[in-house]
Amino acid sequence: MFMDQGAVAAVVQIRWPEGEWSKAYGVRDLESMTPAQPTGRVGIASVTKTMTAVAVLKLVDDRLIGLDDPVNDVIPGFTSALKPPAPITVRQLLSHTSGMPEVNDALPRDVDFRPVLSRTLTMERGLQLAGTLPWGSANVGSFAYSNTNYLALGLLIQTLRHKPFVQVMREQVFDPLGLKNTSLDRIDPHEAGLLHGYVTLRGERVDTTDNTFAVGNPAGGAVSTVEDLNFFMAGLFQGRALSAASLREMKTSPGFAPYGLGVWEHADGCSIESRHEGRGSFWDYQTVAVSSDDGRYQAAMTVTTPPMPTEFEDPSSQNKRDLMNGQIESTLNETLDRLCEPAS
């Protein structure tokens, strides 16, 4: 289905109690036309948020902060950069119910996107940019997806751990859960194991694999593989990452959207409990990772999006990307519905 739509590559891995299956379709890049491999690394966009949420909930487990504690005076620059209209809690940041403005809305919307991608969006700069947009008190408490929430959470982690955010993620999330091919560092675009992404600019194809813009970004900066995504989701939902209390909170939506604390919720054909998902969408990659509530079943897929313009050049292109992300989600959940057995 995805290759018929012009995708460059699609990689998938499914895990269930009796085994696992992985497959790659398409090519690693459009220059060499080397076949894609299931081990290919890609930028996973907002699936990063689920990983960041784990590091935040570890702060709660370690009693460094409470879920319902305000962060206004804890996160450096939070009040001065963003001018919050009320006390904002850790839970509100995790669940996108702070009403905080979206940093992406403050970035230039030029058809030529290359200057924006060539500069790293640091957590501090992200808060400053978002602070140029209005944050009304009426928005606090309602669900509104905003990457700025997770930039603020990255600063919270860094502040309370007294270590760089990237180091904390490596020590507390990636290494303990066995994510050997996951990082928040700058990648070498010539690295052999990367799947290359593309966007078109005025009809010309541009390789957008370089991740300079997203390096170290708690909202969308991780680079990973479908296998590592499944390892992560299995470790998390089998209870190996967080206390039972924190995991329960993570899976609980405040009630405004099918979203808990860093995870989306989806119906499970074999259980009264929901499945849990990380979803990521870049111009060049669409990624979804799904786990059953008990961590027995996982499915992850990344599709390298067909080369097409950004929404700044062609407003309809974002709808095509969103549709593809939804198709990935449906495909993975339908597959798990066929594989799963009702929990005993």
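Overview of results
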{"item": "Within segment 179-193: backbone nitrogen closer than 19 Å to the Q37 label point (7 Å, Cα to C-beta)", "result": "179-183, 187-193"}
{"item": "Full-extension gain in nm, K83 to F312, via 0.36 nm per residue minus C-alpha separation", "result": "79.6 nm"}
{"item": "Rel. contact order, % - alpha carbon contacts under 8 angstrom, at least six apart, segment 3-339", "result": "24"}
{"item": "Shape category assigned to segment 97-184 from the gyration tensor of Cα positions, a/c cut at 1.5", "result": "oblate"}
{"item": "Label-point separation, T252 to S330 (7 Å along Cα→Cβ), nm", "result": "3.4"}
{"item": "Among V206, V12, V263, residue whose mean-square fluctuation peaks in a GNM of the chain (springs only between Cα atoms under 10 Å)", "result": "V206"}
{"item": "Percentage relative contact order, segment 190-279, counting C-alpha pairs under 8 Å, at least six apart", "result": "11"}
{"item": "Label-point separation in nm, R109 to L64, each point 7 Å along Cα→Cβ", "result": "3.8"}
{"item": "Residue of T212, T287, T225 that the Gaussian network model of the chain assigns the largest fluctuation, springs spanning Cα pairs under 10 Å", "result": "T212"}
{"item": "Stokes-Einstein D (µm²/s) once Rh is taken as the Kirkwood radius of segment 1-134 over alpha-carbon pairs, at 37 °C in 0.692 mPa s", "result": "176"}
{"item": "Options (i) 55, 52, 34; (ii) 71, 49, 40; (iii) 58, 43, 42 - which one matches Cα extents along the principal axes in Å as calculated here", "result": "(i)"}
{"item": "Rounded FRET efficiency, nearest 0.05, which uses the C-beta distance separating D4 from Q167 and R0 of 35 Å", "result": "0.25"}
{"item": "Lysine pair number, Cα distance threshold 22 Å (strictly under), segment 3-339, separation 8 or more or different chains", "result": "9"}
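Any read-out appearing in this document is the output of simple, stated calculations on the displayed coordinates, not a laboratory observation. Values in this document were obtained by computation on a predicted structure and should not be read as measured data. Note that we place each Cβ from the backbone using ideal geometry, even for glycine, and neighbour counts take in every protein chain shown.
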